[in-house]
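Below is one structure, written out as structure tokens; comments come after it.
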Amino acid sequence: MRYLHTMVRVTDLEASLDFYVNKLGLKELYRSEHEAGRFTLVFLCAPGDEEQAAQNKAPLVELTYNWDPEAYEGGRNFGHLAYQVDDIYAVCQRLKDGGVVINRPPRDGRMAFVRSPDNISIELLQAGGAKEPAEPWASMPNVGTW
């Protein structure tokens, strides 16, 4: 397992970048605009981590700016922790066997979400690209929120 990023939703992208970059000192590594989903992602890294972050896409802070205003309550502005795993099906099975609810099963062989006992959302991403969809995951529905 490898730590990837922490996602934080922001309500004012420019004010957030001023804080994280100009004041805190993080570096903007890259950003992507998603017109269909109406959001912007900005990935930041700590000074000195630029080469590693560019090469491994980690360790990063992901600022998510939703273009349509949204009130973030109950910690919704904190998104998730993300980890890359060697075998998403094996990790999800181990978690499930341990009594962990798989909130968003890896139907696509690439991504799953679970929650910690304190309801922190954890994203699991398959290393090296998606695996072939497989049962029981391919037909499992989402459970709760993730």
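Could you work out which residue, out of D97, D108, D86, moves most in a Gaussian network model of the chain, that is, has the largest mean-square fluctuation with Cα springs under 10 Å?
Comparing D97, D108, D86 in a Gaussian network model of the chain, the most mobile one is D97.
Could you provide, to the nearest whole Å², the per residue accessible area of the chain with probe 1.4 Å? Each step should come with its number before you reach the end.
Details: 8320 Å² over 146 residues.
Here the per-residue accessible area is 57 Å².
Helix 88-97: angle to the longest alpha-carbon principal axis of the chain, degrees 0 to 90, nearest 10?
Compared with the principal axis, the helix lies near 70 degrees.
State the antiparallel share, in %, of DSSP beta bridges confined to the chain, rounding to the nearest 5. Mind showing how you got there, number by number?
Details: 26 of 37 bridges.
If I count the DSSP bridges inside the chain, around 70 percent turn out antiparallel.
Heavy atoms of the protein only, probe of 1.4 Å, neighbouring chains included. What is the accessible area of T11 in Å², nearest 10?
100 Å²
Taking springs between alpha-carbon atoms closer than 10 angstrom, which of P59, P133, P105 fluctuates most in the Gaussian network model of the chain?
P133
So what's the back-of-envelope 222 nm ellipticity for the chain, counting only DSSP H runs of four-plus at -39500 (n - 2.57) apiece and dividing by all residues, rounded to 500?
Values: 3 runs with 22 residues, N = 146.
It lands at -4000 deg cm²/dmol.
Suppose R0 equals 35 Å. What FRET efficiency, 1/(1 + (r/R0)^6) with r the Cβ-Cβ distance, do L13 and L95 give to the nearest 0.05? Walk me through the numbers before you get to the answer.
On the way: r = 34 Å, r/R0 = 0.97.
About 0.55, to the nearest 0.05.
Can you send over the solvent-accessible area of E14, 1.4 Å probe, protein chains only, in Å² to the nearest 10?
Here the residue's solvent-accessible area equals roughly 120 Å².
If you filter the stretch 3-51 for trypsin sites (Lys or Arg not before Pro), then keep DSSP loop positions with at most 15 other Cβ within 10 Å, what is left?
Working: sites: R9, K23, K27, R31, R38; in loops: R38.
Hits after loop and neighbour filter: R38.
The values are calculated or read from the model by the stated rules, or taken from the named source; none is laboratory data. Computed from a predicted model, the values in this text were never measured in an experiment. Cβ atoms come from the backbone with ideal geometry, glycine included; neighbour counts cover every protein chain shown. In case anyone asks, the SASA skips ligands and DNA or RNA and just uses the protein heavy atoms, side chains included. Shrake-Rupley method; radii C 1.70, N 1.55, O 1.52, S 1.80 Å.
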